[in-house]
Amino acid sequence: MKLIIIGGGIAGLSAAYHAAKNIPDAQITLIESSNQWGGKISTDRVTFDEVPPTSRGDGQFIIEGGPDTFLASKPWGVALCKELGLGERLHGTNPNRKSTYVLNRNRLLPLPEGLAMMIPSDIPSILRSHLISWAGKARMGFDFLQPAKNLNGDESLGAFVSRRLGREAYENLIEPLMSGIYAGDGDQLSLASTFPYLRDLEIKYGSLARGALTLRKQTNGKALQGSRSAFLTPTTGLAEIVEKLVESLKSKVDLRLNTTVSQISNINSRYLVELENGSRLESDSVILATPAFISGALLASFDPALASVLKSIPYASTATVSLAYRQPDMPRPLDGYGYVIPRREGRKALACTWTSTKFPHRAPDGYALIRVFVGRAGQDIPWNENDLLELAKEELNLTLGITAEPILSRVFMWDKAMPQYNLGHPEKLKQIDAALEKHPGLALAGNGYRGIGIPDCIHSGEVAIEKLERELSRSA
Ligand SMILES: Cc1cc2nc3c(=O)[nH]c(=O)nc-3n(C[C@H](O)[C@H](O)[C@H](O)COP(=O)(O)OP(=O)(O)OC[C@H]3O[C@@H](n4cnc5c(N)ncnc54)[C@H](O)[C@@H]3O)c2cc1C
């Protein structure tokens, strides 16, 4: 069986890995248009002249351009790392400085303790918080009283949380946390496709807070049994996963960088994959692990209806700017993981991670590493490195009072990178699934469909291979 996988991000690499493992006779080709593997996973390990090489972390700054950790509770990330021999290299976030702040009218206020899956479950901590007014707190209390709403269809995340906890709790607390994950507009995002467990809590417990409290007790129980941090990452960055995957695939897969696919069509019930360099490859199966709008463009002549659904999934553009400073240049201690910025604050930045506190080994002793996350759905941001750098410096000046010039900086621009699972997304998935059923040998993977995080993308590659395996066993 000839299999071509298009897209060498984590989803395509995972598909290749699972194909090599589970389909013994497959001839696998993995095609990636850029000059490196990993897609949005991109780690820069930077040695800076003035830092002694004997310093912590070998004197290196470990700068993540895209994702910086993955969720431990979704099993596919940890499982793959263990299979690749990276289990012992996974570590969590700094357990000693766990605070996160929220920007509120230009001040940094601590996030209340006891948030379970984003939902407040520690009532005294909410009562003490200055993030929400007394009227807002009283409105949050309605969550205990109002029964679950009878609802047939989907609802936006913003409408749902506002309905349960009030608009103020949504705007000041939940929206900025959610934005950090989707860079999205909560009033557009589909609850069913983003945080379905919130609706489950409402139905099961009749209250988000009651449900979150129960879950927190269960999670604390697990923590006592020795489970690790909620977020994990390999010691020298997420690129370690990509490097290990590529190493394990080298002898089994035809790996092609700098190769762009321009179109997919079919010929005599086989797939014809046309490349931008004019050559053509034939195969029995194709997995598209490219962003949904690119998969749509590639399939435009093969199945125009499927292509148009794929192209209708919107993506937001984002950028990250990492800046390193000498510690004495920090006007205030970076005593937490950083801060998130609610949309209503009107800033161009979305969040700021204090990387050298969240992951102490990612900056040498005596240096601070900070990452500013820029761009969210529906908001224009400047699209060149210089302006983004200036925007990040301005954010750090406004909020943290930093006036010194960074000793080094790195800007990563991610055009149309974050899929927006907006209202209507579940219906689109149904249409996509129905279309794929009609095309044996064709599968999709990646962040455009059922999860944006790394574990979900790894899983999507595995699920794509399972579809092909099912079809193979049916035709045998
Ligand atoms: C700034 C940022 C921060 C994030 N933070 C986190 C985080 O902390 N934790 C987390 O779990 N997730 C995070 N995410 C999300 C996560 O990183 C992505 O959802 C995931 O990496 C996407 O993987 P993918 O394989 O689906 O797609 P991509 O990584 O986009 O891979 C698709 C690949 O297809 C290639 N390609 C495109 N067109 C063609 C073509 N025509 N021919 C051949 N190849 C083609 C592209 O070059 C690319 O390499 C973050 C994302 C961003 C952008």
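Every read-out reported here was derived from the displayed coordinates using simple, explicitly stated rules and does not represent laboratory data. The structure displayed is predicted, hence computed values, not measured ones. No Cβ is skipped: glycine too gets one built from the backbone with ideal geometry, and neighbour counts run over all protein chains shown.
On the principal axes of its alpha-carbon atoms, the stretch 278-387 has extents of 59, 34, 25 Å, going from largest to smallest. Sorting Phe373, Phe144 by the number of Cβ atoms found within 10 Å of their own Cβ, with the fewest placed first, yields Phe144, Phe373. In loop segments of the stretch 84-170 as defined by DSSP, the trypsin sites (Lys or Arg not before Pro) with at most 10 further C-beta atoms inside 10 Å of their C-beta are Arg105.
With the radius of gyration and the Kirkwood radius both derived from the Cα set of the stretch 238-314, what is their ratio Rg to Rh?
Values: Rg = 14.5 Å, Rh = 14.1 Å.
Ratio of gyration radius to Kirkwood radius for the stretch 238-314: 1.03.
Once Rg and the Kirkwood radius are both taken over the C-alpha atoms of the stretch 111-224, their ratio Rg/Rh works out to 0.94.
From the alpha carbon centroid of the stretch 1-68 to that of the stretch 288-338 is 16 Å. Give the Debye-formula value of log10 I(q)/I(0) at each listed q (0.11, 0.19 Å⁻¹), with one equal scatterer per alpha carbon of the stretch 16-112, two decimals each. For the stretch 16-112 at q = 0.11, 0.19 Å⁻¹, log10 I(q)/I(0) is -0.61, -1.25. With contacts taken as Cα pairs under 8 Å and at least 6 residues apart, the stretch 111-224 reaches a relative contact order of 33 percent. Based on the Kirkwood approach, the hydrodynamic radius assigned to the stretch 370-476 is 17.5 Å, with every pair of different Cα atoms included. In a reduced charge model with +1 at each Lys and Arg Cβ and -1 at each Asp and Glu Cβ, the stretch 111-224 shows a dipole moment near 480 debye about its Cα centre.
In debye, nearest 20: dipole of the chain around its Cα centre with unit charges on the Cβ of K, R (+) and D, E (-)?
On the way: 53 positive and 51 negative charges, 299 e Å.
Dipole size: approximately 1440 debye.
How big is the dipole moment of the stretch 177-281 about its Cα centre under a simple scheme where the beta carbon of each Lys and Arg is +1, that of each Asp and Glu is -1, and everything else is neutral? Debye, nearest 20, please.
580
Computed over the alpha-carbon pairs of the chain, the distance histogram in 10 Å steps reads 4, 19, 28, 27, 16, 6, 1 percent, short to long. Sorted ascending by nearby beta carbons within 10 Å, beginning with the fewest, Lys252, Lys393 become Lys252, Lys393. With contacts taken as Cα pairs under 8 Å at a separation of at least 6 residues, the stretch 360-467 carries a relative contact order of 16 percent. Look at the dipole of the chain built from charges on Cβ: of Leu436, Leu232, Asn397, the Cα furthest out on the positive end belongs to Leu232. Once every DSSP H run of n ≥ 4 in the chain is given -39500 (n - 2.57) and the sum is divided by its residues, what mean residue ellipticity at 222 nm do you get, rounded to the nearest 500 deg cm²/dmol? For the chain, the value works out to -10500 deg cm²/dmol. Roughly how many Å is it from the Cα centre of the stretch 179-218 to that of the stretch 339-390, as a whole number? The stretch 179-218 and the stretch 339-390 have Cα centres spaced 26 Å from each other.
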